[in-house]
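Please read the structure below before turning to the comments.
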Amino acid sequence: MINSFLRFYVIGDPIEHSLSPLMQNFFLDKFKIKGEYAAKRIKFNELDEAIESLVKEGVTGINVTTPHKKAVLKYIDEFTPEAETIGSVNTIKIESGKLIGHNTDAIGFQNSLRVLGHSFKNKNAFILGSGGAARAVAVALIREQCQRIVISNRNLEKAKKMVKDFLQRSTAIEIETVPITSNEIDSIIKSSQLLVNATTVGMGDLSDDSILANTGCLHKDLLVYDLIYRPYKTKLLHQAESYNSSWINGLDMLILQGIESLKFWVEQDLRLNDSIYSAIKNMLRREVCQE
Ligand code: NAP
């Protein structure tokens, strides 16, 4: 049992629309952990001083979001094996002034498949994107023992780098890349059971856009998983629905990566039972849909 009052932050810019404070304060309350989680807007060129002052303040944990995900790596004193594997950090624990970098996105994604009753063992997956989230999804799908994973990205070199990094760890799974403009994409999607959008196309300024150029390849045996949760239903998910593909947005992953961050910070085995899970999911959905 922790008796001191703990402080946590999500840092980024912009940050005012982050759902993390609402979600994490709900968890703190449910699990009777004395503490507070807040959003802190930190401009790109102010990261140095901000990290220093968070350490001085005695903050326990930080979640990191755009644009600091890469820049923050230089402050990390120690990476967890999971952060090493994924090659990206979304969660930091500060322990006696030392920054420990961790990543909860892969486990969050994997647990969301489990919670929603999906398994992709021996199935084919297509991932769009090659940033931190896409890398976490690839790690999760390797663990899920997919048969084949194809990765596409606007910057193909980043996708190739991902494949190079992960092939070293898994020889049993076919992992390939395809250029985002390739005609092959249609047939890849037709022979896939899972399509993941791990790009930012579909949110913010790009919320009227879909990462998919052709939608005729969508099919009823495909699960379209968009990591975006704001808007609740992206253009891609509307397209999926119109082709009878099933779909998932990013809310389940958000919840399940979030609880993993809190577990890492407080070193407690916090379990989301059905009632806590549906309460937080409904709360976040209401928040997203009221816009
Ligand atoms: P990131 O590292 O910045 O990667 C962004 C990705 O989007 C890159 O692959 C980038 O391609 C691609 N992209 C950006 N603009 C594009 C455009 N106009 N056309 C085509 N591709 C474009 O971001 P991230 O952290 O991986 O996050 C990716 C998405 O996942 C975001 O929407 C984020 O909100 C979501 N996410 C959700 C959760 C969750 O819990 N639900 C967790 C993490 C992330 P290039 O490499 O070519 O630039």
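The values are calculated or read from the model by the stated rules, or taken from the named source; none is laboratory data. Computed from a predicted model, the values in this text were never measured in an experiment. Neighbour counts are summed over all protein chains in view; Cβ atoms, including those assigned to glycine, are modelled from backbone coordinates with ideal geometry. Accessible surface is based on the protein model in full, side chains and every heavy atom, while ligands, DNA and RNA are left aside. Shrake-Rupley method; radii C 1.70, N 1.55, O 1.52, S 1.80 Å.
Considering only residues that are more than 9 Å from the ligand (Cβ to nearest atom) and open to solvent by less than 60 Å² (accessible area, probe 1.4 Å), which ones fall in segment 202-212?
Of everything in segment 202-212, those that are more than 9 Å from the ligand (Cβ to nearest atom) and open to solvent by less than 60 Å² (accessible area, probe 1.4 Å) turn out to be Ser207, Ser210, Leu212.
Pick from Thr199, Thr181, Thr215: which is among the β-branched types (Val, Ile, Thr) and either open to solvent by 40 Å² or more (accessible area, probe 1.4 Å) or at pLDDT below 95 (or both)?
Result: Thr181 is the single residue among Thr199, Thr181, Thr215 that is among the β-branched types (Val, Ile, Thr) and either open to solvent by 40 Å² or more (accessible area, probe 1.4 Å) or at pLDDT below 95 (or both).
Any residue that is open to solvent by 40 Å² or more (accessible area, probe 1.4 Å), under 21 Å from the mean Cα position of the chain (by Cα), of a type in the set (A, V, I, L, M, F, W, C) and closer than 20 Å to Gly250 by Cα - is there at least one of those in segment 64-74?
Among the residues of segment 64-74, not one is open to solvent by 40 Å² or more (accessible area, probe 1.4 Å), under 21 Å from the mean Cα position of the chain (by Cα), of a type in the set (A, V, I, L, M, F, W, C) and closer than 20 Å to Gly250 by Cα, which makes the answer no.
Does segment 236-256 hold any residues that are buried (at least 16 other Cβ atoms within 10 Å of the Cβ) and farther than 19 Å from Gly202 by Cβ, and which are they?
Passing the criteria: Ile255, Leu256.
From the list Lys220, Lys190, Lys164, Lys233, exactly one residue is under 18 Å from Ile248 (Cα atoms), more than 10 Å from the ligand (Cβ to nearest atom), open to solvent by 60 Å² or more (accessible area, probe 1.4 Å) and out of contact with any Leu (no Cβ under 6 Å at 6 or more places or on another chain). Which is it?
Lys220
Give me the pairs, please: first residue somewhere in segment 138-157 and more than 18 Å from Asp186 (Cα to Cα) and of a type outside the set (Phe, Trp, Tyr), second residue anywhere and open to solvent by 70 Å² or more (accessible area, probe 1.4 Å) and not in a loop (DSSP other than H, G, I, E, B), beta-carbon distance under 8 Å, and either six or more positions apart or on two chains.
Final answer for the pair search is Gln147/Glu174.
Taking the condition of a type in the set (Gly, Ala, Ser) and over 23 Å from Asn244 (Cα atoms), does Ser119 pass?
Considered against the rule, which asks whether it is of a type in the set (Gly, Ala, Ser) and over 23 Å from Asn244 (Cα atoms), Ser119 comes out as no.
Taking Arg169 as meeting all but one of (1) modelled with pLDDT of 95 or more; (2) more than 20 Å from the chain's Cα centre (by Cα), write down the number of the exception.
If we test Arg169 against (1) modelled with pLDDT of 95 or more; (2) more than 20 Å from the chain's Cα centre (by Cα), just (1) comes out false.
Go through segment 109-122 and give me each residue that's in contact with a helix residue (DSSP H, G or I) (Cβ under 9 Å, 6 or more places away or on another chain) and assigned to a loop (DSSP other than H, G, I, E, B).
Residues satisfying the conditions are Leu116, His118, Ser119, Phe120.
Somewhere in segment 284-291, is a residue open to solvent by 20 Å² or more (accessible area, probe 1.4 Å) and more than 21 Å from the chain's Cα centre (by Cα)?
yes
Residue by residue, here is whether (1) crowded, with 17+ Cβ neighbours inside 10 Å; (2) touching a residue at least 40 places away in the same chain (Cβ under 8 Å) holds:
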{"site": "Gly12", "(1), (2)": "yes, yes"}
{"site": "Ile15", "(1), (2)": "yes, yes"}
{"site": "Asp29", "(1), (2)": "no, no"}
{"site": "Lys34", "(1), (2)": "no, no"}
{"site": "Tyr37", "(1), (2)": "yes, no"}
{"site": "Arg41", "(1), (2)": "no, no"}
{"site": "Ala50", "(1), (2)": "yes, no"}
{"site": "Leu54", "(1), (2)": "yes, yes"}
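Can you pull out the residues in segment 81-108 that are open to solvent by less than 20 Å² (accessible area, probe 1.4 Å) and assigned to a loop (DSSP other than H, G, I, E, B)?
Answer for segment 81-108, where residues must be open to solvent by less than 20 Å² (accessible area, probe 1.4 Å) and assigned to a loop (DSSP other than H, G, I, E, B): Ser88, Val89, Asn90, Asn103, Thr104.
Output the number of the condition that Lys34 fails; it satisfies all remaining conditions of (1) more than 24 Å from the chain's Cα centre (by Cα); (2) over 18 Å from Leu270 (Cα atoms).
All conditions pass for Lys34, except number (2).
Restricting to segment 247-291, name every residue that is of a type outside the set (D, E, K, R) and free of Cβ contacts under 8 Å to residues at least 40 places away in the same chain.
Across segment 247-291, the qualifying residues are Trp247, Asn249, Gly250, Leu251, Leu272, Asn273, Ser275, Ser278, Asn282, Gln290.
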